[in-house]
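What follows draws every value from the coordinates through simple rules; no lab data is involved. These numbers were taken from a predicted model, which means no experiment stands behind them. Note that we place each Cβ from the backbone using ideal geometry, even for glycine, and neighbour counts take in every protein chain shown.
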């Protein structure tokens, strides 16, 4: 029996449903998940929340001992616990603990699952779990256990239900002034218990709801209570506040569970198979190296093949028109030199087909931002670690900076993977260049030396849309954030880069760097212009 503390509960922000109906077309005991497992997300302490990009939520709760729970992007989860008085980990639909709840009439809840477990416990329930309101009821559909449920704790048999290849027995019990969702109260428990345990299969949850509603029509009954004796209570199944797949273990419990298959539906309809997307470079051509790899132009392909993603707290704030809804779990934002990957989570990754022109040790620059603080972006090539690029961050998500490093590349076509190592890191691009190589400003993707910088408003933070940021910088100063300028001679040869910040002019920064007055070509972001530098 779970003892509740004051945990803030989160309602789900999505109304989309996935799952398999009573005429389900897959067998969770044999088939593979339609959607890749995706990124792992560690749950910290007693916590509830939602799984981004799905209609499901999660919860971990523990009383005593130690425990760990992680969930994945497709709803599967795993957990381990040691010496726990009571522990639970669960995933499924959450509708909020306050409010009217959801009327189950006309719904068709189903679940499909597969898992492995270890350990022992004095008691444990594995299956479907939740609460109702009006009246308050705690309910269980028990498909497996650590110790077979005894009528001493689940109450006498009230009926039977034959469904999903077995005949479940239905029991009721009264928790007498015990902890509940509304504090200490007296409430009804309903159990459906499978005759023999199983670790995979399909559960027609709605069949149990309908049977309970048929059996319990609001009549009052005298039932055994948790503190002894008989208690008079109304038998009625209310509106659900949650419908979740759960593992619970208690009484000095130690063990683990790992769900490799999870799917749950509100309407019993089969989840459509994922659309097959051929793996290929974005736009059909591998990104050239030396050159710039734009973060938003990751390879085409299915989730888990060319990218992973966890749609962030922004929900719909990302630009999903740029890549389309097939890639909706990746948030694309306006920022940096144009578009960037934003609202990211740690371990999110994206892959790019690149074509390296020649062997050599390359300078690498990633244009990134993170208003939360410092972090890293990890690069790998053909599955092997390449380099780690560190950044300072901390200003805001509109202030981009260069995270730099070096790595040796061999000529030919390769798969580059960018992995977000720090939550909420925006990535604009990753640039590869050979030290000392001639680089013409206009050949860098996104630049056009002949374009008037003032006609591209807003790409340089802090500048007036109609003004030339290079002229402003030369005259006196920039705004409070630092900026990087790439400097070339008039033949297009790269001379290096300079950083200038509040209180400094670009004129002084270039002169201090190169010690020579004259005319230079300068690129800031995607703006290129010639300027005259004086002593």
- Item | Sites residue 116 and residue 305 - FRET efficiency at Förster radius 30 Å, r taken between beta-carbons, to 0.05 | 0.70
- Task: Find how many whole Å separate the alpha carbon centroid of region 106-184 from the alpha carbon centroid of region 404-431.
- Result: 49
- According to a simple spin-label model (label point 7 Å from Cα along Cα-to-Cβ), what is the distance in nm between residue 176 and residue 326? 6.3
- Task: Report the label-to-label distance for residue 30 and residue 213 in nanometres (one decimal), using points 7 Å from each Cα along the Cα→Cβ vector.
- Result: 3.3
- Task: Using a 10 Å cut-off on Cβ atoms, rank the peptides 394-406, 153-165, 135-147 from the highest mean neighbour count down.
- Result: 135-147, 394-406, 153-165
- In nanometres, the difference between 0.36 nm per residue of separation and the alpha-carbon distance of residue 499 and residue 516 is 4.4 nm
- Item | Anisotropy class of region 282-436 from Cα gyration tensor, a/c 1.5 cut | oblate
- Convex hull around the C-alpha positions of region 40-265: the volume in Å³ per residue is 113
- Task: Multiply the residue gap between residue 184 and residue 423 by 0.36 nm, knock off their C-alpha separation, and tell me the result in nm, one decimal place.
- Result: 82.2 nm
- How far apart, in nm, are two points set 7 Å out from the Cα along the Cα-to-Cβ line at residue 166 and at residue 408? 5.9
- Message: Once R0 is set to 25 Å, what does the formula 1/(1 + (r/R0)^6) return for the Cβ-Cβ distance between residue 396 and residue 279, expressed as a FRET efficiency to the nearest 0.05?
- Response: 0.10
- Query: Relative contact order (percent) for region 40-265, with alpha-carbon contacts under 8 angstrom and 6 or more residues of separation?
  - Reply: 31
